[in-house]
Amino acid sequence: MGVRQGAGRDHLKMEEAFAAYQAVRHRLPNVTRHGACQRLPDLDAIAADTDVFLLDAFGVLNIGETAIPGVPQRVAKLQKAGKRVMVVSNAAGFPHANLMRKYRLLGYDFDPDDVITSRKAALAGLAEMPATRWGLMANESLGREDLDHLDITYLAEDASAYDAAEGFILMGSAVWTEQRQILLEASLIRNPRPVIVGNPDIVAPREDGFSTEPGSYAHRLGDATGVEPHFFGKPFQSIFDLAFARMGGFDPNRTVMVGDSLHTDILGGQAAGIKSALISGYGFFAGHEVEGPIKLSGICPDYILDRP
C-alpha cells in the first residue's frame, strides 16, 4: 500500500477490502508462480539471502504518521550492511518532496531517487503520450509540484470541465466525492476518453478501517463505462521497471518485494520476476490470519513475516 490518500470516510473491514480486490482479478496480472510461504519473524531473518529490499510504505515503514517501532533502526542496519533498500509505493497523491520530508521525520534516510512511487510511474507514462488536456482527480491543496508541465484542470462540481477534458488522471481521492464520480462516469459514457490511474490501490488500511483509494473509482469507471483504465503502480510492471532501471544490474533471486497486500505487493513482485515477503502483523492483515486469504487468492509469497 501507499501512504494514505483516501478521505477515510468509507471504512471497510478487511474481509470487504479483500473481496473488492478479488472482484477485479480480471484486470490484475496473472499469478505466475507460488512461493513457499516460509514463516519468519522479520526482515533480518531474510537478510542473508537478500541483496535488494523493495519496501512498500504503509504497513512496512509506517502506520499513518508514525513509524513502525524498530523499523527505522532495522532499515538503517540493512543499509549499513551494504543492502540496497528502496521504497516502491503506490503513493500518487503527494508530490515527491512531501514524501521525502515525511520519511525523514519518521527516521528514514533514503536517497530521493531510491523512492519509486506510482506517481513517478504515471508521470513517466504520461511523458510518452501526446499533449492532452487532462481532467485531474487529486487534492489541489497539495500543490502542482511534479505536474506543472501538464495541462490539467482539477475536477470538482463543474460538469463542463469533465466534458472539456481530453483524458483523465486519477492521482489521489482525498477530496473525491460520489457526485464527482457520477459526473465523470456520465462524461465518459457520452464521450469515451483515456483514463490514467496513478494509484491502483482499491483501499488503504487505517487504524479505524480502510479508506477508498483511486483504484476503487477506476474499476467502477471501467465497469460502468466500458473504458478500461490504464494503471501505473503495483501490481503492474511499469513501477517495477523504474525500480529496476534505478538498481542497474541485480539478481532477481536475491531481490524481494516486501509489502502488506497480496494483490498489489506480492502479486506485483511475482509478476515482475522477483521474490516477495508478506507482512502479516501490520497494515492490511493486522489482527487477522493470512492463510485463508492466501488460499482463496492463490497468491503465495515466498516469505510471511510477522513484522518488517
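Numbers for the structure displayed
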| read-out | value |
| --- | --- |
| Selection count, segment 157-176, where residues are in a loop (DSSP other than H, G, I, E, B) and either surrounded by 14 or more Cβ atoms within 10 Å (Cβ to Cβ) or touching a His at 6+ places or on another chain (Cβ under 7 Å) (or both) | 8 |
| All positions within segment 101-144 that are hydroxyl-bearing (Ser, Thr, Tyr) and under 17 Å from Phe240 (Cα atoms) | Thr117, Ser118 |
| Search result, residues across segment 96-118 that are without any contact (Cβ under 8 Å) to a residue 40 or more places away in the chain and not in a helix (DSSP H, G or I) | Asp109, Phe110, Asp111, Val115 |
| So Val258, is it touching a residue at least 40 places away in the same chain (Cβ under 8 Å), in the same structural domain as Arg27 (by TED's automatic domain parsing) and not basic (Lys, Arg) | yes |
| Residue match in segment 37-52 (condition: buried (at least 19 other Cβ atoms within 10 Å of the Cβ), part of a strand (DSSP E or B) and free of Cβ contacts under 8 Å to residues at least 60 places away in the same chain) | no |
| Every residue from segment 119-156 that is aliphatic (A, V, I, L, M) and assigned to a helix (DSSP H, G or I) | Ala121, Ala122, Leu123, Ala124, Leu126, Ala127, Leu142 |
| Extreme residue, surrounded by the fewest Cβ atoms within 10 Å (Cβ to Cβ), among residues of segment 117-141 that are more than 20 Å from the chain's Cα centre (by Cα) and polar (S, T, N, Q) | Ser141 |
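Residues are listed down the side, and each one gets a yes or a no for (1) over 21 Å from Val88 (Cβ atoms); (2) without any contact (Cβ under 8 Å) to a residue 40 or more places away in the chain; (3) aliphatic (A, V, I, L, M):
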| residue | (1), (2), (3) |
| --- | --- |
| Glu128 | no, yes, no |
| Ala131 | yes, yes, yes |
| Ala159 | yes, yes, yes |
| Ala164 | yes, yes, yes |
| Ile169 | no, no, yes |
| Glu178 | yes, yes, no |
| Glu213 | no, no, no |
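The values are calculated or read from the model by the stated rules, or taken from the named source; none is laboratory data. Quantities reported herein were computed from a predicted structural model and do not represent experimental measurements. No Cβ is skipped: glycine too gets one built from the backbone with ideal geometry, and neighbour counts run over all protein chains shown.
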